[in-house]
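The values are calculated or read from the model by the stated rules, or taken from the named source; none is laboratory data. What you see is a predicted model, and the numbers here were worked out from it, not measured in a lab. Glycine gets a Cβ as well: all are built from the backbone with ideal geometry, and neighbour counts include every protein chain shown. Keep in mind that these areas ignore ligands, DNA and RNA; they rest on the heavy atoms of the full protein, side chains included. Shrake-Rupley method; radii C 1.70, N 1.55, O 1.52, S 1.80 Å.
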Amino acid sequence: MFNLFSRETLVNQLKENTDWDVIVIGGGGTGLGVALDSASRGFKTLLLEQVDFAKGTSSRSTKLVHGGVRYLAQGNIDLVKEALYERGLMLKNAPHLVGDQSFIIPNYSWWDNFFYTIGLKVYDFLSGKLSFGRSSRISKDETKSRLKTLKKGQLKGGVVYHDGQFDDSRLAINLAQTCIEHGATVLNHFKVTHLLKNNTGKICGVQTVDSETEATYTLNSRAVINATGVFTDDVLKMDNAQAKNKIRPSQGVHVVLDKSFLPGNDAIMIPKTKDGRVLFLVPWHNRVVVGTTDTLMESHSLEPKALSQEIDFILETANAYLTKPVGKQDVLSVFAGLRPLAAPKDNSEKTKEISRSHKIIKSKSGLITITGGKWTTYRRMAQDTINRVIKLGKLPNVKCITKTLLIHGADGAVHKSNHLYVYGSDKKHIIALIEKSPELGEKLHERLEFTKVEVVWAIRNEMARTVDDVLARRVRVLFLDAKAAVEIAPLVASILAKELGRNKGWEKEQIASFTKIASHYIL
(Lines give C-alpha, C1' and ligand atoms only; values in the text may rest on other atoms or scores of the structure.)
Protein backbone atom coordinates (compact mmCIF):
# COMPACT_ATOMS: atom_id res chain seq x y z
CA MET A 1 0.00 0.00 0.00
CA PHE A 2 1.34 3.46 -0.93
CA ASN A 3 2.33 5.48 2.14
CA LEU A 4 2.54 9.24 1.76
CA PHE A 5 4.75 9.48 4.86
CA SER A 6 7.29 6.74 4.07
CA ARG A 7 10.94 7.82 3.92
CA GLU A 8 11.40 5.94 0.64
CA THR A 9 8.58 7.93 -0.97
CA LEU A 10 9.97 11.24 0.33
CA VAL A 11 13.62 10.54 -0.63
CA ASN A 12 12.50 9.51 -4.13
CA GLN A 13 10.90 12.95 -4.51
CA LEU A 14 14.34 14.41 -3.81
CA LYS A 15 15.93 12.20 -6.45
CA GLU A 16 13.29 13.14 -9.02
CA ASN A 17 13.33 16.91 -8.34
CA THR A 18 16.44 19.06 -8.26
CA ASP A 19 14.55 22.37 -8.70
CA TRP A 20 12.39 23.87 -5.95
CA ASP A 21 10.55 27.13 -5.29
CA VAL A 22 11.33 27.16 -1.57
CA ILE A 23 13.84 25.21 0.52
CA VAL A 24 13.41 25.56 4.29
CA ILE A 25 16.33 24.66 6.57
CA GLY A 26 15.11 23.60 10.02
CA GLY A 27 12.27 21.36 11.19
CA GLY A 28 11.15 23.01 14.41
CA GLY A 29 7.84 24.84 14.82
CA THR A 30 9.07 27.83 12.79
CA GLY A 31 10.44 25.87 9.84
CA LEU A 32 7.44 23.55 9.66
CA GLY A 33 5.11 26.56 9.78
CA VAL A 34 7.01 28.21 6.90
CA ALA A 35 6.94 25.00 4.83
CA LEU A 36 3.19 24.61 5.38
CA ASP A 37 2.48 28.23 4.46
CA SER A 38 4.60 27.86 1.31
CA ALA A 39 3.17 24.48 0.23
CA SER A 40 -0.44 25.50 0.90
CA ARG A 41 0.04 28.51 -1.42
CA GLY A 42 1.04 26.03 -4.14
CA PHE A 43 4.80 26.55 -4.11
CA LYS A 44 7.09 23.54 -4.65
CA THR A 45 8.50 23.22 -1.14
CA LEU A 46 11.24 21.18 0.49
CA LEU A 47 12.06 21.14 4.22
CA LEU A 48 15.33 19.65 5.54
CA GLU A 49 15.89 18.92 9.24
CA GLN A 50 19.34 17.80 10.43
CA VAL A 51 18.06 15.46 13.17
CA ASP A 52 14.31 15.17 13.84
CA PHE A 53 11.27 17.43 13.79
CA ALA A 54 11.17 19.51 17.00
CA LYS A 55 14.42 17.91 18.24
CA GLY A 56 15.54 21.24 19.70
CA THR A 57 13.59 24.06 21.34
CA SER A 58 10.23 23.10 19.81
CA SER A 59 9.84 19.97 21.98
CA ARG A 60 11.03 21.65 25.20
CA SER A 61 8.49 24.41 25.82
CA THR A 62 6.34 25.02 28.91
CA LYS A 63 3.52 23.40 26.85
CA LEU A 64 1.55 26.67 26.80
CA VAL A 65 -0.22 28.40 23.93
CA HIS A 66 -0.46 31.87 25.39
CA GLY A 67 -0.47 35.60 24.83
CA GLY A 68 2.11 36.10 27.56
CA VAL A 69 0.78 37.68 30.73
CA ARG A 70 4.27 38.91 31.61
CA TYR A 71 4.66 40.67 28.24
CA LEU A 72 1.49 42.55 29.17
CA ALA A 73 3.19 43.67 32.40
CA GLN A 74 6.11 44.90 30.26
CA GLY A 75 3.69 46.95 28.15
CA ASN A 76 4.22 44.91 24.96
CA ILE A 77 0.56 45.14 23.96
CA ASP A 78 1.04 44.41 20.23
CA LEU A 79 2.91 41.15 20.87
CA VAL A 80 0.26 40.01 23.38
CA LYS A 81 -2.61 40.88 21.03
CA GLU A 82 -0.99 39.04 18.11
CA ALA A 83 -0.25 35.97 20.26
CA LEU A 84 -3.80 35.86 21.69
CA TYR A 85 -5.25 35.98 18.16
CA GLU A 86 -2.92 33.16 17.02
CA ARG A 87 -3.77 31.19 20.18
CA GLY A 88 -7.41 31.22 19.09
CA LEU A 89 -6.52 30.01 15.58
CA MET A 90 -4.43 27.16 17.01
CA LEU A 91 -7.41 25.94 19.04
CA LYS A 92 -9.60 25.99 15.91
CA ASN A 93 -7.04 24.34 13.62
CA ALA A 94 -5.59 21.71 15.99
CA PRO A 95 -8.29 21.06 18.61
CA HIS A 96 -6.94 17.55 19.32
CA LEU A 97 -3.68 19.04 20.64
CA VAL A 98 -4.59 22.52 21.89
CA GLY A 99 -7.02 22.98 24.76
CA ASP A 100 -8.28 25.48 27.30
CA GLN A 101 -6.32 25.49 30.57
CA SER A 102 -7.48 27.40 33.63
CA PHE A 103 -4.74 29.11 35.66
CA ILE A 104 -5.00 30.38 39.19
CA ILE A 105 -2.75 33.15 40.51
CA PRO A 106 -2.78 32.76 44.31
CA ASN A 107 -2.71 36.16 46.02
CA TYR A 108 -1.18 36.79 49.41
CA SER A 109 -1.93 40.53 49.60
CA TRP A 110 -5.08 42.54 48.84
CA TRP A 111 -3.12 44.76 46.46
CA ASP A 112 -2.02 41.75 44.35
CA ASN A 113 -5.61 40.57 44.23
CA PHE A 114 -6.72 43.92 42.81
CA PHE A 115 -3.68 44.34 40.52
CA TYR A 116 -3.97 40.93 38.80
CA THR A 117 -7.75 41.15 38.49
CA ILE A 118 -7.43 44.43 36.56
CA GLY A 119 -4.46 43.21 34.48
CA LEU A 120 -6.21 40.04 33.42
CA LYS A 121 -9.34 41.93 32.41
CA VAL A 122 -7.08 43.72 29.89
CA TYR A 123 -5.78 40.26 28.78
CA ASP A 124 -9.41 39.13 28.25
CA PHE A 125 -10.22 42.28 26.29
CA LEU A 126 -7.21 41.83 23.97
CA SER A 127 -8.25 38.26 23.13
CA GLY A 128 -11.56 39.54 21.67
CA LYS A 129 -13.79 36.96 19.95
CA LEU A 130 -11.13 34.27 20.28
CA SER A 131 -11.20 34.31 24.08
CA PHE A 132 -10.66 31.01 25.93
CA GLY A 133 -12.80 32.20 28.86
CA ARG A 134 -13.17 35.20 31.13
CA SER A 135 -10.91 35.85 34.09
CA SER A 136 -12.46 36.26 37.53
CA ARG A 137 -11.50 36.86 41.12
CA ILE A 138 -12.17 33.90 43.43
CA SER A 139 -12.44 33.72 47.20
CA LYS A 140 -9.89 32.32 49.61
CA ASP A 141 -12.13 29.26 50.19
CA GLU A 142 -12.54 28.54 46.46
CA THR A 143 -8.79 28.95 45.89
CA LYS A 144 -8.14 26.44 48.69
CA SER A 145 -10.68 23.94 47.37
CA ARG A 146 -9.36 24.12 43.78
CA LEU A 147 -5.65 24.03 44.74
CA LYS A 148 -5.58 21.41 47.47
CA THR A 149 -1.75 21.32 47.79
CA LEU A 150 -1.33 25.12 47.97
CA LYS A 151 -0.04 26.69 51.21
CA LYS A 152 -2.90 28.53 52.90
CA GLY A 153 -1.05 30.88 55.31
CA GLN A 154 -1.71 34.61 54.51
CA LEU A 155 -3.73 33.57 51.42
CA LYS A 156 -6.23 36.31 50.47
CA GLY A 157 -7.80 34.68 47.41
CA GLY A 158 -6.95 34.09 43.78
CA VAL A 159 -7.52 35.20 40.22
CA VAL A 160 -8.51 32.64 37.56
CA TYR A 161 -7.68 33.22 33.92
CA HIS A 162 -7.64 31.02 30.81
CA ASP A 163 -4.85 30.21 28.38
CA GLY A 164 -4.00 27.38 26.03
CA GLN A 165 -2.11 24.17 26.74
CA PHE A 166 -0.74 21.80 24.09
CA ASP A 167 1.66 19.03 23.19
CA ASP A 168 4.48 20.79 21.35
CA SER A 169 6.30 18.02 19.48
CA ARG A 170 3.07 16.20 18.64
CA LEU A 171 1.95 19.41 16.93
CA ALA A 172 5.28 19.54 15.06
CA ILE A 173 4.79 15.96 13.77
CA ASN A 174 1.24 16.78 12.68
CA LEU A 175 2.50 19.93 10.93
CA ALA A 176 5.07 17.83 9.03
CA GLN A 177 2.26 15.48 7.94
CA THR A 178 0.08 18.43 6.89
CA CYS A 179 2.96 19.82 4.79
CA ILE A 180 3.26 16.47 2.98
CA GLU A 181 -0.50 16.33 2.43
CA HIS A 182 -0.22 19.74 0.74
CA GLY A 183 2.50 18.56 -1.64
CA ALA A 184 5.68 19.47 0.27
CA THR A 185 8.65 17.12 0.66
CA VAL A 186 9.64 17.08 4.32
CA LEU A 187 12.69 15.13 5.51
CA ASN A 188 14.25 14.56 8.91
CA HIS A 189 17.84 13.29 9.39
CA PHE A 190 18.97 15.41 6.40
CA LYS A 191 21.74 17.90 7.17
CA VAL A 192 22.39 20.95 4.98
CA THR A 193 26.18 21.16 4.54
CA HIS A 194 26.59 23.99 1.99
CA LEU A 195 24.66 26.92 0.55
CA LEU A 196 24.99 27.13 -3.23
CA LYS A 197 25.63 30.49 -4.92
CA ASN A 198 25.52 31.62 -8.54
CA ASN A 199 28.22 33.66 -10.28
CA THR A 200 26.81 36.91 -8.82
CA GLY A 201 27.07 35.60 -5.25
CA LYS A 202 23.33 35.04 -4.81
CA ILE A 203 22.08 31.90 -3.06
CA CYS A 204 20.48 29.49 -5.51
CA GLY A 205 20.20 26.25 -3.55
CA VAL A 206 21.72 23.90 -0.99
CA GLN A 207 23.78 20.77 -0.67
CA THR A 208 22.41 18.22 1.79
CA VAL A 209 23.42 14.82 3.15
CA ASP A 210 21.08 11.98 4.13
CA SER A 211 22.38 10.95 7.57
CA GLU A 212 21.12 7.38 7.07
CA THR A 213 22.77 6.60 3.72
CA GLU A 214 25.37 9.41 3.54
CA ALA A 215 24.09 10.18 0.03
CA THR A 216 24.64 13.81 -1.03
CA TYR A 217 22.08 15.86 -2.96
CA THR A 218 22.61 19.15 -4.80
CA LEU A 219 19.34 21.08 -5.03
CA ASN A 220 18.37 24.38 -6.66
CA SER A 221 15.83 26.80 -5.23
CA ARG A 222 14.37 30.24 -5.92
CA ALA A 223 14.36 30.97 -2.17
CA VAL A 224 16.28 29.46 0.74
CA ILE A 225 14.90 30.12 4.24
CA ASN A 226 16.97 29.73 7.41
CA ALA A 227 14.57 28.70 10.20
CA THR A 228 17.05 26.97 12.49
CA GLY A 229 16.34 28.61 15.87
CA VAL A 230 19.43 28.56 18.08
CA PHE A 231 21.45 27.30 15.08
CA THR A 232 20.62 30.46 13.08
CA ASP A 233 24.15 31.85 13.32
CA ASP A 234 25.68 28.60 12.04
CA VAL A 235 23.72 28.94 8.78
CA LEU A 236 24.44 32.69 8.56
CA LYS A 237 28.16 31.87 8.86
CA MET A 238 27.77 29.20 6.17
CA ASP A 239 26.58 32.09 3.98
CA ASN A 240 29.17 34.62 5.21
CA ALA A 241 32.04 33.56 7.50
CA GLN A 242 32.26 37.14 8.85
CA ALA A 243 28.57 37.37 9.79
CA LYS A 244 27.92 38.76 13.29
CA ASN A 245 25.99 36.64 15.77
CA LYS A 246 22.27 37.44 15.74
CA ILE A 247 21.29 34.92 18.45
CA ARG A 248 22.07 34.58 22.14
CA PRO A 249 20.57 31.36 23.52
CA SER A 250 18.60 31.59 26.76
CA GLN A 251 18.06 28.31 28.58
CA GLY A 252 14.70 27.35 30.01
CA VAL A 253 14.53 24.36 32.35
CA HIS A 254 11.46 22.41 33.46
CA VAL A 255 10.94 19.55 35.88
CA VAL A 256 8.13 17.01 35.64
CA LEU A 257 6.39 15.71 38.77
CA ASP A 258 3.72 13.20 39.65
CA LYS A 259 0.11 14.49 39.46
CA SER A 260 -0.25 14.22 43.27
CA PHE A 261 1.73 17.48 43.62
CA LEU A 262 -1.08 19.35 41.81
CA PRO A 263 -4.30 17.32 41.82
CA GLY A 264 -7.29 18.83 40.08
CA ASN A 265 -7.50 20.54 36.70
CA ASP A 266 -6.12 24.01 37.43
CA ALA A 267 -2.59 25.24 36.72
CA ILE A 268 -0.78 27.65 39.06
CA MET A 269 0.92 30.80 37.82
CA ILE A 270 3.42 32.36 40.24
CA PRO A 271 3.92 35.88 38.84
CA LYS A 272 6.80 37.01 41.05
CA THR A 273 9.64 34.72 42.05
CA LYS A 274 12.67 35.92 44.02
CA ASP A 275 14.56 36.87 40.86
CA GLY A 276 11.60 38.34 38.98
CA ARG A 277 10.81 35.38 36.75
CA VAL A 278 7.38 33.82 36.28
CA LEU A 279 6.92 30.17 37.31
CA PHE A 280 4.17 27.84 36.10
CA LEU A 281 2.90 24.53 37.48
CA VAL A 282 0.87 23.03 34.65
CA PRO A 283 -1.06 19.72 34.42
CA TRP A 284 0.21 17.84 31.34
CA HIS A 285 -0.45 14.22 30.31
CA ASN A 286 -1.51 13.36 33.85
CA ARG A 287 1.75 14.76 35.29
CA VAL A 288 2.80 18.29 36.29
CA VAL A 289 5.31 20.43 34.38
CA VAL A 290 7.05 23.05 36.55
CA GLY A 291 9.16 25.87 35.05
CA THR A 292 10.75 27.82 33.61
CA THR A 293 14.16 29.36 34.10
CA ASP A 294 15.80 32.02 31.96
CA THR A 295 19.60 31.69 31.86
CA LEU A 296 21.74 33.31 29.17
CA MET A 297 24.11 30.74 27.64
CA GLU A 298 27.37 31.22 25.76
CA SER A 299 26.84 28.25 23.44
CA HIS A 300 24.15 25.99 22.01
CA SER A 301 23.76 22.23 21.58
CA LEU A 302 21.18 19.68 20.48
CA GLU A 303 20.94 18.31 24.03
CA PRO A 304 21.33 21.21 26.50
CA LYS A 305 21.81 20.14 30.11
CA ALA A 306 19.97 21.66 33.06
CA LEU A 307 22.25 23.46 35.51
CA SER A 308 22.00 22.40 39.16
CA GLN A 309 21.17 25.98 40.22
CA GLU A 310 18.25 26.05 37.75
CA ILE A 311 16.79 22.84 39.21
CA ASP A 312 17.31 24.16 42.76
CA PHE A 313 15.53 27.42 41.87
CA ILE A 314 12.47 25.56 40.50
CA LEU A 315 12.23 23.19 43.47
CA GLU A 316 12.74 25.98 46.05
CA THR A 317 10.05 28.14 44.43
CA ALA A 318 7.60 25.23 44.18
CA ASN A 319 8.25 24.35 47.85
CA ALA A 320 7.49 27.93 48.87
CA TYR A 321 3.93 27.42 47.56
CA LEU A 322 3.15 23.71 47.96
CA THR A 323 2.24 21.84 51.15
CA LYS A 324 3.58 18.58 49.72
CA PRO A 325 7.41 18.87 49.83
CA VAL A 326 9.20 18.39 46.49
CA GLY A 327 12.68 16.88 46.42
CA LYS A 328 15.02 15.81 43.63
CA GLN A 329 13.89 12.21 44.21
CA ASP A 330 10.38 13.25 43.10
CA VAL A 331 11.48 14.54 39.68
CA LEU A 332 10.31 12.15 36.93
CA SER A 333 12.14 14.07 34.19
CA VAL A 334 14.06 17.31 33.78
CA PHE A 335 14.38 18.94 30.37
CA ALA A 336 16.23 21.99 29.10
CA GLY A 337 15.46 24.04 26.00
CA LEU A 338 17.22 26.97 24.36
CA ARG A 339 15.28 30.04 23.26
CA PRO A 340 16.76 31.76 20.18
CA LEU A 341 16.69 35.32 21.56
CA ALA A 342 18.05 38.29 19.67
CA ALA A 343 21.62 38.88 20.85
CA PRO A 344 21.57 41.61 23.57
CA LYS A 345 22.87 45.03 22.53
CA ASP A 346 25.02 45.09 25.66
CA ASN A 347 25.64 43.05 28.80
CA SER A 348 23.15 45.09 30.85
CA GLU A 349 20.19 43.83 28.82
CA LYS A 350 18.32 41.06 30.66
CA THR A 351 16.79 38.13 28.81
CA LYS A 352 13.31 38.89 30.10
CA GLU A 353 13.60 42.36 28.53
CA ILE A 354 14.62 41.09 25.09
CA SER A 355 11.62 41.16 22.77
CA ARG A 356 10.04 37.82 21.85
CA SER A 357 8.80 39.41 18.61
CA HIS A 358 10.04 37.69 15.47
CA LYS A 359 12.43 39.24 12.97
CA ILE A 360 13.00 38.50 9.29
CA ILE A 361 16.52 39.17 8.02
CA LYS A 362 17.56 39.32 4.36
CA SER A 363 21.28 38.74 3.78
CA LYS A 364 23.20 40.28 0.82
CA SER A 365 23.24 36.84 -0.76
CA GLY A 366 19.42 36.66 -0.68
CA LEU A 367 19.27 34.19 2.21
CA ILE A 368 16.10 34.79 4.25
CA THR A 369 16.35 34.19 8.02
CA ILE A 370 13.42 34.08 10.43
CA THR A 371 14.36 34.40 14.12
CA GLY A 372 12.72 34.96 17.50
CA GLY A 373 9.02 34.49 18.13
CA LYS A 374 7.46 31.58 20.01
CA TRP A 375 5.32 28.50 19.38
CA THR A 376 2.05 30.42 19.75
CA THR A 377 2.90 32.74 16.85
CA TYR A 378 4.44 30.11 14.53
CA ARG A 379 1.69 30.54 11.89
CA ARG A 380 1.99 34.32 11.77
CA MET A 381 5.79 34.08 11.58
CA ALA A 382 5.44 31.76 8.59
CA GLN A 383 2.92 34.04 6.86
CA ASP A 384 5.22 37.06 7.31
CA THR A 385 8.23 35.10 6.02
CA ILE A 386 6.61 33.89 2.79
CA ASN A 387 5.04 37.35 2.26
CA ARG A 388 8.56 38.82 2.50
CA VAL A 389 9.89 36.31 -0.06
CA ILE A 390 7.04 37.31 -2.40
CA LYS A 391 7.75 41.02 -1.82
CA LEU A 392 11.38 40.42 -2.81
CA GLY A 393 10.14 39.09 -6.16
CA LYS A 394 11.33 35.52 -5.63
CA LEU A 395 7.81 34.03 -5.81
CA PRO A 396 4.50 35.01 -7.47
CA ASN A 397 1.92 36.78 -5.30
CA VAL A 398 -0.36 34.07 -3.87
CA LYS A 399 -2.46 34.69 -0.77
CA CYS A 400 -1.86 32.90 2.55
CA ILE A 401 -4.60 30.37 3.51
CA THR A 402 -3.34 29.03 6.83
CA LYS A 403 -5.72 30.98 9.08
CA THR A 404 -8.39 28.35 8.48
CA LEU A 405 -6.20 25.40 7.48
CA LEU A 406 -6.83 22.33 9.65
CA ILE A 407 -3.76 20.49 10.92
CA HIS A 408 -3.44 16.72 10.35
CA GLY A 409 -5.44 14.89 13.02
CA ALA A 410 -7.82 17.80 13.67
CA ASP A 411 -11.05 16.28 14.81
CA GLY A 412 -14.09 18.26 15.87
CA ALA A 413 -14.93 15.83 18.68
CA VAL A 414 -12.12 15.63 21.23
CA HIS A 415 -12.88 13.06 23.93
CA LYS A 416 -10.10 12.81 26.50
CA SER A 417 -11.32 9.42 27.72
CA ASN A 418 -7.80 8.01 27.28
CA HIS A 419 -4.35 9.22 26.29
CA LEU A 420 -4.86 8.39 22.58
CA TYR A 421 -6.88 11.61 22.14
CA VAL A 422 -3.69 13.37 20.94
CA TYR A 423 -3.92 11.41 17.68
CA GLY A 424 -7.23 13.07 16.80
CA SER A 425 -8.70 11.57 13.63
CA ASP A 426 -5.85 9.00 13.48
CA LYS A 427 -7.03 7.39 16.74
CA LYS A 428 -9.45 5.08 14.92
CA HIS A 429 -6.62 3.76 12.69
CA ILE A 430 -4.49 3.03 15.79
CA ILE A 431 -7.37 1.12 17.41
CA ALA A 432 -7.83 -0.83 14.14
CA LEU A 433 -4.15 -1.87 14.28
CA ILE A 434 -4.69 -3.32 17.78
CA GLU A 435 -7.78 -5.20 16.58
CA LYS A 436 -5.69 -6.72 13.79
CA SER A 437 -2.69 -7.53 16.07
CA PRO A 438 -3.84 -7.66 19.74
CA GLU A 439 -0.26 -7.89 21.07
CA LEU A 440 0.20 -4.25 19.99
CA GLY A 441 -2.20 -3.27 22.76
CA GLU A 442 0.35 -4.33 25.41
CA LYS A 443 1.78 -1.60 27.63
CA LEU A 444 5.38 -0.50 27.06
CA HIS A 445 5.99 -0.28 30.83
CA GLU A 446 3.95 -1.01 33.96
CA ARG A 447 4.20 2.65 35.09
CA LEU A 448 3.10 4.02 31.71
CA GLU A 449 -0.16 4.32 29.82
CA PHE A 450 1.55 4.01 26.41
CA THR A 451 1.36 0.86 24.28
CA LYS A 452 3.37 -0.92 21.57
CA VAL A 453 0.96 0.18 18.86
CA GLU A 454 2.04 3.82 19.29
CA VAL A 455 5.64 2.87 18.52
CA VAL A 456 4.58 1.01 15.36
CA TRP A 457 2.35 3.93 14.33
CA ALA A 458 5.19 6.43 14.87
CA ILE A 459 7.49 4.42 12.60
CA ARG A 460 4.97 3.72 9.83
CA ASN A 461 3.11 7.03 9.73
CA GLU A 462 5.06 9.68 11.66
CA MET A 463 8.57 9.36 10.16
CA ALA A 464 10.25 8.18 13.39
CA ARG A 465 13.68 6.66 12.64
CA THR A 466 15.40 6.30 16.04
CA VAL A 467 14.58 5.38 19.64
CA ASP A 468 14.99 9.09 20.50
CA ASP A 469 12.52 10.09 17.76
CA VAL A 470 9.95 7.69 19.23
CA LEU A 471 10.39 8.16 22.98
CA ALA A 472 11.16 11.88 23.06
CA ARG A 473 8.86 13.37 20.42
CA ARG A 474 6.22 10.86 19.19
CA VAL A 475 5.40 9.03 22.45
CA ARG A 476 6.46 11.53 25.14
CA VAL A 477 7.94 9.02 27.62
CA LEU A 478 11.35 10.71 27.95
CA PHE A 479 9.65 13.94 29.07
CA LEU A 480 7.22 12.17 31.42
CA ASP A 481 9.30 9.44 33.07
CA ALA A 482 12.94 9.39 31.98
CA LYS A 483 13.89 6.25 33.95
CA ALA A 484 11.02 4.30 32.38
CA ALA A 485 12.18 5.55 28.96
CA VAL A 486 15.64 4.02 29.51
CA GLU A 487 14.06 0.75 30.68
CA ILE A 488 11.93 0.38 27.53
CA ALA A 489 14.62 1.54 25.06
CA PRO A 490 15.61 -2.09 24.17
CA LEU A 491 11.97 -2.97 23.42
CA VAL A 492 11.51 0.12 21.24
CA ALA A 493 14.84 -0.54 19.46
CA SER A 494 13.72 -4.08 18.62
CA ILE A 495 10.38 -2.84 17.20
CA LEU A 496 12.25 -0.22 15.13
CA ALA A 497 14.75 -2.81 13.87
CA LYS A 498 11.94 -5.13 12.78
CA GLU A 499 9.98 -2.34 11.05
CA LEU A 500 13.02 -0.76 9.35
CA GLY A 501 14.93 -3.96 8.56
CA ARG A 502 17.93 -3.22 10.80
CA ASN A 503 20.38 -5.69 12.40
CA LYS A 504 21.32 -6.40 16.04
CA GLY A 505 24.37 -4.12 15.83
CA TRP A 506 22.12 -1.18 14.89
CA GLU A 507 19.80 -2.03 17.79
CA LYS A 508 22.70 -1.94 20.26
CA GLU A 509 23.89 1.42 18.88
CA GLN A 510 20.39 2.84 19.24
CA ILE A 511 20.06 1.72 22.87
CA ALA A 512 23.49 3.16 23.75
CA SER A 513 22.79 6.45 21.95
CA PHE A 514 19.38 6.91 23.61
CA THR A 515 20.67 5.96 27.08
CA LYS A 516 23.29 8.70 26.74
CA ILE A 517 20.65 11.29 25.71
CA ALA A 518 18.28 10.19 28.51
CA SER A 519 20.98 10.65 31.16
CA HIS A 520 20.43 14.44 30.82
CA TYR A 521 16.76 13.97 31.83
CA ILE A 522 17.40 11.96 35.00
CA LEU A 523 18.40 13.59 38.29
In region 307-327, residue farthest from the chain's Cα centre (by Cα) [restricted to those that are more than 20 Å from SER260 (Cα to Cα) and surrounded by 15 or more Cβ atoms within 10 Å (Cβ to Cβ)]: PHE313
In region 418-434, which residues are small (Gly, Ala, Ser) and under 24 Å from the mean Cα position of the chain (by Cα)? GLY424, SER425
Turns out the strands (runs of 3 or more DSSP E) fully within region 180-249 with at least 2 residues that are more than 28 Å from ASN3 (Cα to Cα) and either open to solvent by 30 Å² or more (accessible area, probe 1.4 Å) or touching a strand residue (DSSP E or B) at 6+ places or on another chain (Cβ under 9 Å) (or both) are 190-197, 203-210, 216-226
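Out of the residues in region 292-306 that are of a type in the set (Ser, Thr, Tyr) and open to solvent by 50 Å² or more (accessible area, probe 1.4 Å), state the one that is nearest to the chain's Cα centre (by Cα). Steps first, please.
Step one: filter region 292-306 for residues of a type in the set (Ser, Thr, Tyr), giving 292-293, 295, 299, 301.
From what's left, open to solvent by 50 Å² or more (accessible area, probe 1.4 Å): 299, 301.
Details: SER299: 20, SER301: 16 Å.
Among those that are of a type in the set (Ser, Thr, Tyr) and open to solvent by 50 Å² or more (accessible area, probe 1.4 Å), it is SER301.
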With (1) surrounded by fewer than 18 Cβ atoms within 10 Å (Cβ to Cβ); (2) in contact with an Asp or Glu (Cβ under 9 Å, 6 or more places away or on another chain); (3) of a type in the set (A, V, I, L, M, F, W, C) as the list, and ILE434 as the residue in question, which single condition is left unmet? (2)
Selection within region 266-291 - modelled with pLDDT under 95 and surrounded by fewer than 18 Cβ atoms within 10 Å (Cβ to Cβ): ILE270, LYS272, THR273, LYS274, ASP275, GLY276
As an exercise: evaluate LYS516 against (1) touching a helix residue (DSSP H, G or I) at 6+ places or on another chain (Cβ under 9 Å); (2) open to solvent by 10 Å² or more (accessible area, probe 1.4 Å); (3) modelled with pLDDT of 95 or more and give the number of the one condition it does not meet. (1)
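Looking at THR149, THR200, THR143, THR193, can you tell me which residue is touching a Lys or Arg at 6+ places or on another chain (Cβ under 6 Å) and modelled with pLDDT of 95 or more? So that I can check it myself, show each step before the final result.
Values: THR200 fails: touching a Lys or Arg at 6+ places or on another chain (Cβ under 6 Å); THR143 fails: touching a Lys or Arg at 6+ places or on another chain (Cβ under 6 Å); THR193 fails: touching a Lys or Arg at 6+ places or on another chain (Cβ under 6 Å).
Of the residues listed, the single one that is touching a Lys or Arg at 6+ places or on another chain (Cβ under 6 Å) and modelled with pLDDT of 95 or more is THR149.
In this structure, is GLU435 out of contact with any helix residue (DSSP H, G or I) (no Cβ under 8 Å at 6 or more places or on another chain), outside any helix (DSSP H, G or I) and either of a type in the set (D, E, K, R) or modelled with pLDDT of 95 or more (or both)?
Working: out of contact with any helix residue (DSSP H, G or I) (no Cβ under 8 Å at 6 or more places or on another chain): yes; outside any helix (DSSP H, G or I): no; either of a type in the set (D, E, K, R) or modelled with pLDDT of 95 or more (or both): yes.
No.
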Report yes if PHE450 is touching a strand residue (DSSP E or B) at 6+ places or on another chain (Cβ under 9 Å), of a type in the set (Phe, Trp, Tyr) and open to solvent by 10 Å² or more (accessible area, probe 1.4 Å), otherwise no. yes
Considering only residues that are touching a helix residue (DSSP H, G or I) at 6+ places or on another chain (Cβ under 6 Å) and β-branched (Val, Ile, Thr), look in region 87-144 and name the one that is nearest to GLN74 (Cα to Cα). ILE105
Hits in region 109-164 (condition: open to solvent by 40 Å² or more (accessible area, probe 1.4 Å) and hydrophobic (A, V, I, L, M, F, W, C)): TRP110, TRP111, PHE114, PHE115, ILE118, VAL122, PHE125
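Each row is one residue, and each column tells you yes or no for (1) of a type in the set (Lys, Arg); (2) out of contact with any Gly (no Cβ under 7 Å at 6 or more places or on another chain).
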residue: THR228; (1), (2): no, no
residue: ASP239; (1), (2): no, yes
residue: ARG248; (1), (2): yes, yes
residue: ASP258; (1), (2): no, yes
residue: VAL288; (1), (2): no, yes
residue: THR293; (1), (2): no, no
residue: GLU303; (1), (2): no, yes
Every listed condition ((1) free of Cβ contacts under 8 Å to residues at least 60 places away in the same chain; (2) within 24 Å of the chain's Cα centre (by Cα)) holds for PRO490 save (2)
Is it true that some residue in region 487-499 is among the basic types (Lys, Arg), surrounded by fewer than 22 Cβ atoms within 10 Å (Cβ to Cβ) and under 16 Å from ILE173 (Cβ atoms)? no
Options LEU175, LEU171, LEU187; residue that is among the aliphatic types (A, V, I, L, M) and closer than 15 Å to LEU14 by Cβ: LEU187
